[in-house]
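Peer 1: Take this structure, written in structure tokens, and hold onto it; I'll ask about it next.
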Amino acid sequence: MRLRRWLPVLLLTVPLVAASGPFGMTGRVPFAGCAMPPVVTGPLPERLSQTGLFSDVATLTPAPGLVPYDMISPLWSDGANKRRWVALPTGTTIGFSPTGEYQWPQGTLFIKHFEREVDAASHRVQRLETRVLVLDAAGPGTYGVTYRWRPDGQDADLVAADGAEEVLALRDAGGAAGTQTWSYPSRENCLTCHTPAAAYVLGPKTAQLNGTFTYPDGTTAHQLRTWNHLGLFNRKVEDADLASAPTMAAIDDPQADLTRRVRSYLDANCASCHRPEGVGSDLDLRFTTPLEATGLIGGLVRNDMGIDGAAPIVPGDVARSVVHYRMRSTVPEERMPQIGRALVDQPAVDAVAAWIAQLPKTP
């Protein structure tokens, strides 16, 4: 039986609620620049407060010109919550694409801040790290660095080139104590995922941004309409373009189609490597790739994990599906992704299991 005769068609788009509405930011403020070196070989600021990326580091008040944004389907990072900003060099724009990666101007900066709730009863949050990714102004290329927050949350220090680890003290809602090992990525770790095959930039693209975001002033607005209003794109993006463009869904969104939720999650967590010319090029887990072309269903696996009849996904058979096995594993050599995750994202594991179970079985 040919797979394409029975595989469900993935609906990549959802209608926008309305074309009108407020913008999240009223106008584009030029980015005045910062102390981060524009090329890979430059000297690095030793403290986050020295980078010039925040006008007030203690309150995480971004410098003028930084644009906040969020992901519809965020990368799982061992339970951490994240905040994100991007800054374009003055006078530059983003090459818009409805389906593929954006063409980002060289010199663009991306900032991602991580913090973790460490006491579920009091909801106490600990700041962990702030990462900075810089697209080399001389291009092509990129570099990434991590700043580790001090215990008092007032500043963060540059992590050594080979990374670092910390054991976090946790307390659940009932008061029970526990621990979690947090890994601060090395600069080489950054380049493991931010590769030429992935156009160096992960996350911000149409399918991930094609939804609303609540801005710091409390305004809830469509992100891409706001970016278009700010003139961040190299052409005008019409509301009709956004209505017909792909839109991801969060893995825990009960209103979204299960297939769309799972495909969004696999894109966010796996597609940086599992794509054409990537290190996992036997699979193409990009959200916009038709399911029958991903290699997921009945495809080959490099390591069957000792499972008889294994495939990346075996329709109707969770136990023989290697993707599910790797998602629920915490063994460093087996788990996927291998970098940036040590804990199991149980809601995602459950959603993928439900998706596999409902896929029609093949002979």
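Peer 1: All but one of (1) modelled with pLDDT of 95 or more; (2) in the same structural domain as Leu133 (by TED's automatic domain parsing); (3) within 19 Å of the chain's Cα centre (by Cα); (4) part of a loop (DSSP other than H, G, I, E, B) hold for Phe213; state the number of the condition that does not hold.
Peer 2: Single failed check for Phe213: (4).
Peer 1: Kindly list, by first and then second residue, each pair from a residue in the range 284-297 that is assigned by TED's automatic domain parsing to the domain that holds Thr259 to a residue that is of a type in the set (S, T, N, Q) and assigned to a loop (DSSP other than H, G, I, E, B), limited to pairs with Cβ atoms under 7 Å and residues at least 6 apart or on different chains.
Peer 2: Listed by first residue and then by second, the contacts come to Asp284/Thr294; Leu285/Thr294; Thr288/Thr99.
Peer 1: Taking the conditions exactly as written (assigned by TED's automatic domain parsing to the domain that holds Ala342 and either of a type in the set (Ser, Thr, Tyr) or closer than 22 Å to Gly100 by Cα (or both)), does Asn269 satisfy them or not?
Peer 2: Values: assigned by TED's automatic domain parsing to the domain that holds Ala342: yes; either of a type in the set (Ser, Thr, Tyr) or closer than 22 Å to Gly100 by Cα (or both): yes.
Yes.
Peer 1: In the range 65-95, which residues are part of a loop (DSSP other than H, G, I, E, B) and more than 14 Å from the chain's Cα centre (by Cα)?
Peer 2: Gly65, Leu66, Leu88, Pro89, Thr90, Gly91, Thr92, Thr93
A quick yes/no check of all residues on (1) at pLDDT below 95; (2) of a type in the set (A, V, I, L, M):
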{"site": "Pro312", "(1), (2)": "no, no"}
{"site": "Glu333", "(1), (2)": "yes, no"}
{"site": "Ile339", "(1), (2)": "yes, yes"}
{"site": "Ala348", "(1), (2)": "no, yes"}
{"site": "Ile356", "(1), (2)": "no, yes"}
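Peer 1: For the range 126-140, does any single residue satisfy the condition of being under 16 Å from the mean Cα position of the chain (by Cα), of a type outside the set (A, V, I, L, M) and under 30 Å from Arg235 (Cα atoms)?
Peer 2: yes
Peer 1: Restricting to the range 306-363, what's the tally of residues that are assigned to a loop (DSSP other than H, G, I, E, B), surrounded by 13 or more Cβ atoms within 10 Å (Cβ to Cβ) and among the acidic types (Asp, Glu)?
Peer 2: 3
Peer 1: Search the range 218-235 for residues that are modelled with pLDDT of 95 or more and pair each with any residue that is surrounded by fewer than 23 Cβ atoms within 10 Å (Cβ to Cβ) and charged (D, E, K, R) when their beta-carbon atoms are under 6 Å apart and the residues are at least 6 apart or on different chains.
Peer 2: Close Cβ pairs (under 6 Å, with a partner that is surrounded by fewer than 23 Cβ atoms within 10 Å (Cβ to Cβ) and charged (D, E, K, R)) amount to Leu230/Arg28; Gly231/Arg28.
Peer 1: Of (1) at pLDDT below 95; (2) not in a loop (DSSP other than H, G, I, E, B), Tyr200 satisfies all except one. Which?
Peer 2: If we test Tyr200 against (1) at pLDDT below 95; (2) not in a loop (DSSP other than H, G, I, E, B), just (2) comes out false.
Peer 1: If you check Thr130, Thr146, which single one turns out to be in contact with a His (Cβ under 8 Å, 6 or more places away or on another chain), β-branched (Val, Ile, Thr) and within 30 Å of Gln346 (Cβ to Cβ)?
Peer 2: Values: Thr146 fails: in contact with a His (Cβ under 8 Å, 6 or more places away or on another chain).
None of the other options fit; the residue is Thr130.
Peer 1: If a residue has to be touching a Leu at 6+ places or on another chain (Cβ under 8 Å) and acidic (Asp, Glu) to count, how many in the range 312-359 make the cut?
Peer 2: Total meeting the criteria: 0.
Peer 1: Asp157 is checked against (1) assigned to a loop (DSSP other than H, G, I, E, B); (2) closer than 30 Å to Thr41 by Cβ; (3) more than 18 Å from the chain's Cα centre (by Cα) and fails just one. What number does that condition carry?
Peer 2: Condition not satisfied by Asp157: (1).
Peer 1: Among what's in the range 196-233 and is farther than 17 Å from Leu135 by Cβ and of a type in the set (D, E, K, R), pick the residue that is surrounded by the fewest Cβ atoms within 10 Å (Cβ to Cβ).
Peer 2: Asp217
Peer 1: Do you know which residues across the range 234-277 are assigned to a helix (DSSP H, G or I) and more than 15 Å from the chain's Cα centre (by Cα)? Talk me through it step by step, then tell me what you get.
Peer 2: Keep residues of the range 234-277 that are assigned to a helix (DSSP H, G or I), which gives 239-244, 258-270.
Scanning the range 234-277 gives Asp239, Ala240, Asp241, Leu242, Ala243, Ser244, Leu258, Thr259, Arg260.
The values are calculated or read from the model by the stated rules, or taken from the named source; none is laboratory data. As the structure is a computational prediction, the values presented were derived from the model and not from experiment. Ideal geometry is used to build each Cβ from the backbone, glycine not excepted, and the neighbour counts take in all protein chains shown.
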